[in-house]
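Quick notes on the structure that follows.
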Amino acid sequence: MSTNKNKLLFIIPGFFYIEEYQKALYYNDIPLGTLHLSSFLKERVNIETQIIDLRVEQENYKNLDSTEPNDLFKVSLLKCLEKKNLQEFQNIGINCYTSFQYLQTDLIAKILKKEFPKKPIIVGGYHPTAVPKDFRNSFFRESPFDFVIRGEAELSLLNLLKSNNLKPRRRTRILNSNGCIEINTLPFPDYELYLEQYPYKNKFKFEYFMSRGCPYQCAFCAQNYDFRSFTFQKFKKEFEKLCRIVEQYNYNAPKIAFADQSFNRVSISNKVVDYLIQNKLNEKFSFSCQSRVESFKNNLNLIKKHRTCGMIIGFGFESASKRLLPEMHKTENPREYIETMISILNQYKLSDGPYCRLNLLAGFPGEDQSTFNETLDFVNNYAMHENIQISPTLFSNYPNVFVYKNMQYYENEFGSEFLKEWWKLPSNAFKNSVPEKPSKSYTKKQLIGEYKENYFEVLKAWKKREIFSELILWKKFFNKWYEEL
Ligand code: SF4
């Protein structure tokens, strides 16, 4: 039997100041990183783990849904933790996956430290990796966190659990991961842990990673760390298991999203597509992936192959502005890049089959009226077709992206204006993450106004949309935001 020392409770925080439209985006994914960590630790140190996802627990404890920090949130949190037998767990790990979770992560840790001072609190995820100082004590701040893990958590957490040092500390200790783990040695994610706790059918999105990191360095992206791929043997073994789970849980519309940052750069991607075709998996599942435009340059046959296995490809095109594309670090040759995108879109228009997604990024520093219109004209001239789904989004200035680290450059070059440390403000973090001014002559209000009016028409025109209510939610969210500005 495990002793108390060998029990670790993972907590997944929700987001304060969130709105309905954002919940639809952020509240139905399975926290795969934590499940990877759980199975890895179980295999290496025979630890017992448990998980509490506060995004899901809101269905049982209504006040966990509080839009802002308050006492009702605290009461609900403690009730929820008591029901899950928090007392049995010696160690607490909080996954602050995105900066949008920062305020709730901080509050949860403060509550727990006060109520259970003997339990060490560990925090990890993208935000602690980018801004570890937000979690440690300083002259101005008493911190509830005992350990902050920067970078990949597996090895740091393993060493911590094996050491005799896992106890509450007067001073927060920052653990930097030394090197990257060999991902082929990782066990299958601990889906069982999550789905036993939350056995809901047809609720969650299932994603699958067969690589980590990304070989590219886009200026707006937080995923650009060391790139590594699975072997095909590992993929096959894991994918069979995943298919069984997805069939069992999402029998209404079994979907698997390949979450690799750049599917076609993963060394086994061709073999994976062949495998899906040979095993006729498209007859049971729909698949999707993300890819780079240049992966299909002079290779349009590759599109045919992906469509044969039912794969919806999301192309990270982002902008049709020849000025912005190099600024985004997307390409040094924007003319060729745009031409390649046009050939890909033409290929989709030629025959029926799975559609593709055209991902666009509006509001990148330097964006102005003319660059915004260039991209919109591109959409209207080349992409309005039932086999092409337009997927626009707004640039968010996450603390671990190139832009955040180089704000002075954009301020000097384009007159951009940013909110620094926006994740600490007591209001909607996503809205605060969008720059106040993408460029000197283009304000956030102008951007949101044009974005909502123009892209609503584009999104509405797409005939293959399954659920219209999502679009209404989208429009409501942006209308309200525009009024607030
Ligand atoms: S946007 Fe895509 S291609 Fe660019 S660095 Fe991020 S994950 Fe890689």
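No lab work stands behind these numbers, since they all come straight from the coordinates. These numbers were taken from a predicted model, which means no experiment stands behind them. So basically every Cβ, Gly included, is an ideal-geometry build from the backbone, and we count neighbours across all protein chains shown.
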Other residues with Cβ under 13 Å from the Cβ of Lys255 give, with Lys and Arg +1 and Asp and Glu -1, a net charge of -1
Ordering 357-366, 260-269 by per-residue average of other C-beta atoms within 10 angstrom, highest first, gives 357-366, 260-269
Taking Cα atoms only, Rg over Rh for the range 238-289 with Rh from the Kirkwood formula is 0.96
Helix 469-484: inclination vs the chain longest Cα principal axis, degrees, rounded to 10, gives 80
The long-range amide H neighbours of Thr49, using H built 1.01 Å from N in the peptide plane and a cut-off of under 5 Å, are Leu8
Compactness check, the range 45-172: C-alpha Rg relative to the 2.2 N^0.38 Å globular estimate gives 1.03
Relative contact order of the range 175-252 (C-alpha contacts under 8 Å, at least 6 apart) in percent is 36
Expressed in angstrom, Rg and Dmax over the Cα atoms of the range 336-464 are 16.5, 50
The range 350-390, Kirkwood Rh and Cα Rg, ratio Rg/Rh at 1.07
One finds the C-alpha centres of the range 209-263 and the range 108-174 to be spaced, in Å, by 29
Rounded to the nearest 10, the angle in degrees between the Cα long axis of helix 369-378 and the longest principal axis of the Cα atoms of the chain comes to 70
Across 5 Å bins beginning at 0, the whole-percent shares of Cα-Cα pair distances in the range 393-474 come to 3, 13, 20, 20, 16, 13, 10, 5, 1
The range 121-273: spread of alpha-carbon positions along the three principal axes, whole Å, largest first, is 54, 37, 31
Free-by-geometry Cys in the chain, Cβ-Cβ under 4.7 Å as pairing rule, reported as Cys80, Cys96, Cys180, Cys214, Cys243, Cys289, Cys309, Cys356
Rg from C-alpha atoms of the range 316-398, normalised by the globular rule of thumb 2.2 N^0.38 Å, equals 1.08
For the chain the mean separation of alpha carbon contacts under 8 Å (6+ apart) over residue count, i.e. relative contact order in percent, is 12
If amide H atoms are modeled at 1.01 Å from N in the peptide plane, then the residues at a separation of 5 or more from Ile94, or on another chain, having amide H under 5 Å from its own are Ile11, Ile122, Val123, Gly124
The relative contact order of the range 206-318, taking Cα pairs under 8 Å that sit 6 or more residues apart, comes to a percentage of 25
Rounded to the nearest 0.05, FRET efficiency between Asp29 and Asn381 (Cβ-Cβ, R0 35 Å) equals 0.55
In deg cm²/dmol, rounded to the nearest 500, the helical mean residue ellipticity at 222 nm of the chain, built from -39500 (n - 2.57) for every DSSP H run of length 4 or more, is -11500 deg cm²/dmol
Mean Cβ-within-10 Å packing, highest first, puts peptides 374-383, 476-485 in the order 374-383, 476-485
Residue by residue through the range 303-315, the couplings from Karplus 6.51 cos²θ - 1.76 cosθ + 1.60 with θ = phi - 60°, in Hz, x for Gly and Pro, are 5, 4, 5, 5, 5, 4, 8, x, 8, 8, 9, x, 8
Quick shape summary for the chain, equivalent ellipsoid via Cα gyration tensor, semi-axes whole Å in descending order, reads 37, 28, 21
Computed D for the range 382-441, Stokes-Einstein, Kirkwood radius over alpha-carbon pairs, 37 °C, 0.692 mPa s, to the nearest µm² per second, is 249
Bridge orientation stat for the range 292-484 from DSSP, antiparallel percent rounded to 5, came to 15
Ordering 429-437, 74-82, 405-413 by per-residue average of other C-beta atoms within 10 angstrom, highest first, gives 429-437, 74-82, 405-413
In terms of the charge dipole of the chain, which places +1 on Lys and Arg and -1 on Asp and Glu at the beta carbon, the residue among Phe10, Ser163, Phe204 farthest towards the positive end is Ser163
